[in-house]
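Values quoted throughout were computed directly from the atomic coordinates according to the rules given, and no laboratory measurement underlies them. What you see is a predicted model, and the numbers here were worked out from it, not measured in a lab. A quick note on method: Cβ atoms are made from the backbone with ideal geometry, for glycine too, and the neighbour counts reach across all protein chains shown.
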Amino acid sequence: MDKLHATDWEAGVSASFNDTDTTDREGFIHGQVVAHYDGSGGIREAATATDWEGARIRLPILARHDTKGGCRVAMSKPKSIGRTMKAAHQLRLVGKGELAMAVELIDVHTPKNQELSLIARRCLLLMLEAAAGDAWKPEAHRIAKKDLRGNHRAMDRVRPAFEELMSVWFSHADMLGGKKSTRMFHLLETINDQDDDGASAFVEFQFTERARQMLERSEVYARLSKEAIIKFQSRYSLRMYEIGAAIYGKRDPTWTGEVTELRKLLQVPKEAYPNFSDFRKRVLEPAKAEIAQLAEFDFTWEEFTAGRQVKRIRMTFTPKPGRMALAAAEENNRHSIGRVARRNDEVERIVDAGEITRNLAARLTVANADLRWPTDDDINDYQDDRIELYRIGASGGGGHSIERLASAYVKHMGDKRFELTGERLRSSWRGFVEGKAKTWKSVA
């Protein structure tokens, strides 16, 4: 008995074919109808109906040749769309700024295994939040530009992220010819960015057919806070937040695997932090600190050695008690200024505007003399000790993503980047980005 999937058919008690062809035809089936296949690729007398607020349900058609060359058709029980899209729909209705992310989207890949930048990952999650329970539908979705750019007035940091998102692909386990396989597909089909950057400007986007099918069938999801997504300042912290959000509510809230697996899951480049002590210091510890401050759960890890090397890790994600979870929610509603001080339990002092101006001038003077490469390799324009590096990249990098330039610089310099300070670092970084602006393909 062969399975047939027919595009735009609907569930019926019978169907008839004028042909003996039983080649697979993929599509969606919903409602009730008697459909006739004309033998030349066409479908006749197909009507439409809906279920669960317009959601299509998938129904396999089982066809068998009869002795006269025709087909007998039996309909199996329809299967509704998965829990992820239903949860996304309900979270949108509740309106508390939460989204349901299919766990399949955690396993993202980029060309040449280049990690997805923090801005690009954040944009992807915000686009999923905007599409909500309709993400599986074959239609365009909209998101306001102001939601993507945050506190920034221009889209100069977001447009390079769109280029990254258009190139990323995903993979998941599948079956091919009766054997296990890995299916790979792109996520986004189109992104249509309005030239206007005004308050009412928006971006329109649509997922690919395979991505929509994956979202439609997804049964497991991570529940994420939109505010937390915006507040994380390290790409590795955001990735760890996604992983933990999918695990901490389970009966067994642990992840165990090889260090190489964890590096791949967090998208740490092969050349970065080859020593585990550096990986712990630059990736795990900053992620733990940010999650402790912003997420509704905590995480700890155990290290397992073989000889003198750490080979395996077991991470445990646990829900925070009510008081600590409330503190995290309150932190998400506060400005990022002073967050590190609050994380370190340092005293904050209220000063007048004149003192702020004087202190800032003094800090900039010191920063120019003692400019250092950030320990988490995140170059941004919202932290005082990184603004100058960001501006050098933005002015000399030929329009390329600052995250991409920084990642290439890390790969090129290795640990030496932490040894350079002041004018030596400034000169090295400027020369590098200007060189890449000439050798990399220009950004339109």
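As an exercise, identify the chymotrypsin sites (Phe, Trp or Tyr not before Pro) in the range 394-439 lying in DSSP coil whose Cβ has no more than 12 other Cβ atoms within 10 Å.
Passing both the DSSP loop test and the Cβ count: no residue.
Taking Cα pairs under 8 Å and at least six residues apart, what relative contact order does the range 81-231 come out at, in percent?
36
Would you mind ranking D156, D174 so that the residue whose beta carbon has the fewest other beta carbons within 10 Å leads the list?
Numbers: D156 14, D174 11.
Exposure proxy ranking, most exposed first: D174, D156.
With the cut-off at 31 Å, tell me which of the pairs K288/K441; K86/K320; K137/K411 have Cα atoms farther apart than that.
Table pairs above 31 Å Cα-Cα are K288/K441; K137/K411.
Kindly put Y273, Y221 in sequence by how many other C-beta atoms sit within 10 Å of each C-beta, fewest to most. Walk me through the numbers before you get to the answer.
Values: Y273 21, Y221 24.
With the fewest neighbours first, Y273, Y221 line up as Y273, Y221.
Once you place label points 7 Å from the Cα toward the Cβ at D156 and A199, how far apart are they in nm?
If labels sit at D156 and A199, their model points lie 2.4 nm apart.
For the range 81-231, list log₁₀ I(q)/I(0) at each q in 0.15, 0.17, 0.20, 0.22 Å⁻¹, using the Debye formula over Cα point scatterers of equal strength and ignoring solvent, two decimals each.
Log10 of I(q)/I(0), two decimals: -0.77, -1.00, -1.37, -1.61.
Could you put E290, E104 in order, starting from the residue whose Cβ has the fewest other Cβ atoms within 10 Å?
In order of increasing Cβ crowding within 10 Å: E104, E290.
Using only the Cα atoms of the range 147-206, what semi-axes does the equivalent ellipsoid have when each is the square root of 5 times a gyration tensor eigenvalue? Give whole Å, largest first.
Values: eigenvalues 244, 23, 14 Å².
Each semi-axis is √(5λ); the values are 35, 11, 8 Å.
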